[in-house]
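Student: Structure in structure tokens, see below.
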Amino acid sequence: MQCKNKMTIFNSHSSFTQTVGWQCSFLFSHAMLLPLVVICAVVFHVEMTWAQESPFGISETQAVSVENLSPWLTEIPLKIKRTGFLPEENETYYLVLGYASSANSKEVKDAATDFLKQRWEQSKYSHLPFEQFPVYVDMYLNPKAYQGRPVTMSGHLQRTVISEPGKNEHGVDQLCEAWLYTDDSQSNPTVVLSTSFPEGMPIGEQAIDHVTVTGYIYRMYTYEARDTGRFAPVLMANHIQWTPPQAKNSSDYSLLQIIFIFGLLLGLSLFIALVLQQRWLVKREQERIAQSLLEEEPPKF
């Protein structure tokens, strides 16, 4: 009887020990999994944050500055055979355009000048004055060096268009498009994209002279011309400067106009003087004839 009781006590103690051991093992294994779960949650949160900020997993503030936006464009092909813009690049398209339109104009202009001076000094055109550096030619031959970089280009615009933008979260509420032709680009355009045009600028197909655009090169745009595909740089504008033609006031006369008016008045004065002189001579001659007739002796009958 005592032996049986001892056996029962032993079995109960063994069962209790096994239960406690299993519970300790369970708690230990879960304690080891907890840090792993926390790490996975943090990584997932970071990935989701990046995915919301950029479709290509690039943070909007990652390694970009007013001098260089190329980190945002690492997933954007420089040249695409398909015409227009691709749906999958919409987020980056509006991201860059929104940044370009809202950045400090002076900082962008200074950055563009510094970058173009570097290109000028390294190019075969360094013997020319910096103002004569053919930006379009250098960009067309070296597009990769320009992608995401600020530039300033001057020329005339054609085909100015305003349209509604797609849905975006970067403050782009309208799309303004124009084709810029510079002296060195000849008949090859640069596609200018902006969120606004200067006040009073005509919209349509007419040419608009005296235009300077500062902004960022996005990529090369494919368009159809004479049954063949051509590439044009896409310039997302920070600032468009336009000098409209001045209305001429009555006091605004050029030197040639002044000379012409002076000559016209002088000629008119000489003509009037000659007419008056001729009339005076005719009148004098008539008076002389009349006087001579009066002085003649009357006829005798």
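Student: What is the extension gain from residue 127 to residue 274, computed as 0.36 nm multiplied by their sequence separation minus the C-alpha to C-alpha distance, in nm to one decimal?
Tutor: Extra length available between residue 127 and residue 274 comes to 46.7 nm.
Student: Give, in nm to one decimal, the length gained when the segment between residue 86 and residue 74 is fully stretched (0.36 nm per residue of separation minus the Cα-Cα distance).
Tutor: The span from residue 86 to residue 74 would gain 2.8 nm if fully extended.
Student: Could you point to the residue in 143, 242, 193 farthest towards the positive end of region 70-242's charge dipole, with +1 and -1 charges on the Cβ of Lys/Arg and Asp/Glu respectively?
Tutor: Result: 143.
Student: Which part of region 216-242 falls in the paramagnetic zone of residue 183, meaning amide N under 19 Å from the point 7 Å along Cα-to-beta-carbon?
Tutor: Correct set: 241-242.
Student: Same structure, new question: Provide the FRET efficiency to the nearest 0.05 for the residue 65-residue 222 pair, computing r from the beta carbons and using R0 = 25 Å.
Tutor: It comes out at approximately 0.30.
Student: In region 70-242, how does Rg compare with the Kirkwood Rh, expressed as the Rg/Rh ratio over alpha carbon atoms?
Tutor: 0.93
Student: Test of understanding: ordering 264, 78 by Cβ neighbours within 10 Å, fewest first, what list do you get?
Tutor: 264, 78
Student: If you don't mind, there's one more thing I want to ask. Output the peptides 67-73, 219-225, 168-174 sorted from most to least packed, where packing is the average of other Cβ atoms within 10 Å over each peptide's residues.
Tutor: Final packing ranking: 67-73, 219-225, 168-174.
Student: Another one. Note down the net charge around residue 213, summing +1 for each Lys or Arg and -1 for each Asp or Glu among other residues with Cβ under 15 Å from its Cβ.
Tutor: -1
Coordinate-derived values only; no laboratory data. None of the values given here were measured: they were computed from a predicted structure. Neighbour counts are summed over all protein chains in view; Cβ atoms, including those assigned to glycine, are modelled from backbone coordinates with ideal geometry.
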